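So the structure is just underneath, and the comments pick up after that.
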């Protein structure tokens, strides 16, 4: 057999082809890897392509860019009504009414948190688009208020078993029934996305008091109404007939039971005719003035029928026919301790003005004094004379009397009150407190100090001053047939007030003012107001000291008009 020679020339050629193919594939992979790396690097920190937040495409955007486009859409959605559909109709509400705030940060975190592989596939068109639901935080109070309104419109309150009591003492039980209420948690979850419409979620709520509990209460009430009951104290006895007890009965669900009770206020009213003489009203602390002195009368506690305890005894011990009256201590609204803190201990200022007796204006002055006497001005508080008196009317005890109006004297209800204002102004002036607002009369009136006086009218002018001292002020106002005195009681705190009044200057004499009156015969003249004092300007000062230190240095200037003669000329 001849020798066989096997050539191996082709083997090296196949190896070369394999090496070439491998090199090409390696290059392609390297290029793809490099491209993917570059793409991943470029999209680092951005949102993956084909991503939407609340129907807004945010693919490829940074967080800042996405925020800028999503927020306006969120605001529009907050203003858009949500249709709420219930079993008996529908209603609407907006996110704005619910105090909605978009939870954009959570949505952006979810959008950015996308892996590199998913980003590349979406960039190349593979994979599903991603939609992120934008949710909103709702105001808890507003959401609860909405649920309450929906309960009223679409829910049904469960009906507890209850009692019906007749005047003759017979007692019947009414059957319970379930109801429906809004499911708060489900409603809130449904509204967090502010959908276009939402069904109102209702759940069944069982009554808290069933038949068995009502039967237990019925047995107690039946025993209570098996005859009259007595409430006694010392030598007095109040009898409560069956009909009266039946009218006083109340029932209230309490932890699954039907709590039986008696109406406390009506029970007290029923007992008062026989037992009311043992009550004693509480007395407030009060200040009593006597001339230039003031003393504090301490408060005292009161005693009144304790209807809660008496009712508890009647219902709690239904077997007893007679029960003992109980009394409760009633505290005064204004205690001695509160009064002492006001530091009203001594007279700090006083002023008196005088007038002739018995004119109608005196009636108004006395009535105003009654209303003002005992007023307390707390530290830091302002006092308004118009605010304290209110509008002067006949119903409040004021009468018609002369007052100055537009340069002449005219009758008006409450005329003469300006004398109260002047006296009060001077008491405030010498107490050293802050004078906030005042106005002198148009004409000088000789019974008042020059310049240092005040007028008042409903709607203005006004008299206002402020207690800017650390102790309260008690106003004592006394009006007699011949004069009015105002005293301010407080704590002196080293106060001292001085004043100086200059001499009148820029003096003018009265003139004559002529006005036509068609009611008078033509050519006739009638003097309706005689000329009075002339006009002038006056200056006065006030310096206020506290513990030797001057705290106020004030200059006041007042101009008075001349009191002209007024003559009417007939044109009729």
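Note on residue 263 and residue 284: the extension gain reaches 4.7 nm, defined as 0.36 nm multiplied by sequence separation minus the Cα-Cα distance. If both residues of a DSSP beta bridge must be in the chain, then about 85% of such bridges are antiparallel. Ranking of 435, 463 by neighbouring Cβ atoms within 10 Å, starting from the fewest: 435, 463. Distance from the Cα centroid of region 415-457 to that of region 283-308 is 34 Å (rounded to whole angstrom). Once you order the gyration tensor axes a ≥ b ≥ c over the Cα atoms, which shape class does region 398-542 get: rounded for a/c under 1.5, otherwise prolate or oblate by comparing a/b with b/c? It is prolate, given that a/c is not under 1.5 and a/b is the larger ratio.
For region 153-306, the square roots of the Cα gyration tensor eigenvalues, ordered a ≥ b ≥ c, give a/c of at least 1.5 with a/b no greater than b/c, which places it in the oblate category. Computed from these coordinates, which is P(r) over Cα pairs in 10 Å bins from 0, in percent: (i) 3, 16, 25, 22, 15, 10, 5, 2, 0; (ii) 3, 15, 22, 18, 13, 10, 8, 5, 3, 1, 0, 0; (iii) 3, 10, 11, 9, 9, 12, 14, 12, 8, 4, 2, 2, 1, 1, 1, 0, 0, 0? It is the value labelled (iii). Here r is the Cβ-Cβ distance between residue 394 and residue 357 and R0 is 30 Å; the resulting FRET efficiency, rounded to 0.05, is 0.85.
Cβ crowding within 10 Å, taken as a proxy for footprinting-reagent exposure, orders 91, 508 from fewest neighbours to most as 508, 91. Using the Cβ-Cβ distance between residue 506 and residue 340 with R0 set to 60 Å, the FRET efficiency from 1/(1 + (r/R0)^6) comes to roughly 0.70. Here 438, 323 are placed in order of increasing Cβ neighbour count within 10 Å, fewest first, which gives 323, 438. Peptides 448-456, 129-137, 94-102, ordered by how many other C-beta atoms sit within 10 Å of their residues on average, highest first, read 448-456, 94-102, 129-137. Treating each Cα of region 226-306 as one equal point scatterer and applying the Debye formula with no solvent, the log10 of I(q)/I(0) at q = 0.11, 0.13, 0.27 Å⁻¹ comes out as -0.51, -0.62, -1.24.
Comparing region 459-570 with the 2.2 N^0.38 Å rule of thumb, its C-alpha radius of gyration ratio is 1.69 (two decimals).
Rounded if a/c is under 1.5, else prolate if a/b is larger than b/c, else oblate: which is region 413-482, with a ≥ b ≥ c the root eigenvalues of its Cα gyration tensor? Prolate, because a/c is 1.5 or more and a/b exceeds b/c. Helical runs (DSSP H, four residues minimum) scored at -39500 (n - 2.57) apiece and divided by the length of the chain put the mean residue ellipticity at 222 nm at -9500 deg cm²/dmol. DSSP beta bridges fully contained in region 51-154 are about 75 percent antiparallel.
How large is log10 of I(q)/I(0) for region 51-154 at q = 0.13, 0.24 Å⁻¹ when the intensity is taken from the Debye formula with one equal scatterer per alpha-carbon? For the requested q values the scattering log ratios are -0.60, -1.24.
In this label model, residue 292 and residue 567 are separated by 5.3 nm, measuring between points 7 Å along each Cα→Cβ vector. Taking all Cα-Cα distances within region 511-572, those exceeding 17 Å account for 62%. Contact order, relative form, for the chain: 8 percent (alpha carbon pairs under 8 Å, 6 or more residues apart, mean separation divided by residue count).
Any read-out appearing in this document is the output of simple, stated calculations on the displayed coordinates, not a laboratory observation. What you see is a predicted model, and the numbers here were worked out from it, not measured in a lab. A quick note on method: Cβ atoms are made from the backbone with ideal geometry, for glycine too, and the neighbour counts reach across all protein chains shown.
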